[in-house]
1. Please enumerate the residues belonging to segment 37-77 that are open to solvent by 30 Å² or more (accessible area, probe 1.4 Å), over 14 Å from residue 13 (Cα atoms) and among the hydrophobic types (A, V, I, L, M, F, W, C).
2. Please specify each residue of segment 333-348 satisfying the condition of being within 25 Å of the chain's Cα centre (by Cα) and either free of Cβ contacts under 8 Å to residues at least 24 places away in the same chain or in a loop (DSSP other than H, G, I, E, B) (or both).
3. For the structure I just gave you, tell me whether residue 20 is open to solvent by less than 50 Å² (accessible area, probe 1.4 Å), under 30 Å from residue 199 (Cα atoms) and in a loop (DSSP other than H, G, I, E, B).
4. Is one or more of the residues making up segment 106-114 under 30 Å from residue 33 (Cα atoms), in contact with an Asp or Glu (Cβ under 8 Å, 6 or more places away or on another chain), in a strand (DSSP E or B) and open to solvent by 10 Å² or more (accessible area, probe 1.4 Å)?
5. Being surrounded by fewer than 17 Cβ atoms within 10 Å (Cβ to Cβ) and among the hydroxyl-bearing types (Ser, Thr, Tyr) is the filter here, so list the residues in segment 247-279 that pass it.
6. Which one of these does residue 358 not meet: (1) without any contact (Cβ under 8 Å) to a residue 24 or more places away in the chain; (2) under 30 Å from the mean Cα position of the chain (by Cα); (3) within 20 Å of residue 178 (Cβ to Cβ)?
7. Which condition does residue 86 not pass, out of (1) in contact (Cβ under 8 Å) with a residue 60 or more places away in the chain; (2) in a strand (DSSP E or B); (3) farther than 25 Å from residue 209 by Cα, if it passes all the others?
Amino acid sequence: MKFTLPLVSFIKHLSQVSGVAGAPGGKDDITQNVLISIKNNELTFKCTVYSIEMSVVIPGVADVESEGATTVNAAKLRDSCKNLDQSALVNFDYDESNEILLVSSGTAQFQIRTRNVLEFPTFEHEDVEQRIVLKQNQLKAIIDKSIFCISNEDFREYLKGMRFEVDGENVSVFTSDGHRMAVIETTLDAPISQPLGSNLTRRCAAELTKILKDSDEPVELAFTKNSVSTSCNGYTLTSKLLICGYPNVRAVIPKSIDVSVEVPRAELKNAISRVNVLSSKRVNAVNLVFADDRLNLKTENSEHEVATESLNISYNLNPIDMSLNAGYVTEVLNAISTDNVRFCFANPIVSTLIEPCSNDYEYGVRTRYIISRVVV
């Protein structure tokens, strides 16, 4: 295997794919490597960690002396290439007898140990059971506006993923960590005939959003019994699904709203940032009181230090007093792009539903967020 190509033509792709590499628990494992192959003037990079696999094809490699394939440590190859002149040509020369990949550019040379491609794991092919097609910016918005609600803890398997439910043309996506939940809704241009319910892993969603463009170009998600895969923008991503039950989270969504209050989004975000300096780091709570055309914010810590702030709003009904996790509210405000947000309450008040004050949904994606009150 021997070929030459400009660094600028592959470094972004290599960096993206190599982000998937890395053995579980930091073990010295073949999954720390990237598989490199050159065939028919196409360069392919592929990485996997058993539960997820990503590859990219770079066409039009003109200077190919010989074809072949090998694997090398992904991080070492990526970092070696990143330090080269961005306008340089890079030479790849695989010395099979010594199991060395020589990477060179100008006077710089890197000799990196290789491992046989036969050791590299691949996903088993399964029959596709369901396909859905969305616009790339539509799917990217779904993920970006919900992924932060996925739990980082290792309990309750279903909380560690993103729930996709499709019925006809209607798409509903749910993420939750048990204290907050994102409810995302949109529609398909081409309805499906059979209902779909699948749980994407957090890692799958995170890697998927990185390869999507902010465009109306279509992207297809192909679901099998145990995995989901897609190909777009030269990349192919395949990931295991979370195989577990999912509760009826729709029961958490209020069926009716008793009170709703509009609040300026940027002003609230800035006010929370100011008062949060003195919040208790254990619960990170900010107290919100809606009363007399004001929203009063207050934080307090174990040293009895207090910070307060207030905003002008339009609300003169019975006072509403509740404490919410300041970080949760801030992340929701970051995910919403409208000037104002709406806080919605249903009696008895145990949570709040926050949504944009607009029916003009970004990329056709409707977003709502439910945050449980903090008991302090």
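The values are calculated or read from the model by the stated rules, or taken from the named source; none is laboratory data. Quick caveat: nothing in here was measured; it's all calculated off a predicted structure. Heads up, the Cβs are rebuilt from the backbone with ideal geometry, glycines too, and the neighbour counts pull from every protein chain shown. SASA here: full protein model, heavy atoms, side chains in, ligands and nucleic acids out. Shrake-Rupley method; radii C 1.70, N 1.55, O 1.52, S 1.80 Å.
1. 62, 64, 69
2. 336, 337, 338, 339, listed by residue number.
3. The answer is yes for residue 20.
4. yes
5. 256, 260, 273
6. Condition not satisfied by residue 358: (3).
7. Going through (1) in contact (Cβ under 8 Å) with a residue 60 or more places away in the chain; (2) in a strand (DSSP E or B); (3) farther than 25 Å from residue 209 by Cα one by one, residue 86 breaks only (2).
Results for (1) open to solvent by 60 Å² or more (accessible area, probe 1.4 Å); (2) of a type in the set (Asp, Glu); (3) touching a Gly at 6+ places or on another chain (Cβ under 8 Å); (4) more than 22 Å from residue 233 (Cβ to Cβ), shown as yes or no for each residue.
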| position | (1), (2), (3), (4) |
| --- | --- |
| 89 | yes, no, no, yes |
| 97 | yes, no, no, yes |
| 116 | yes, no, no, yes |
| 131 | yes, no, no, no |
| 141 | no, no, no, no |
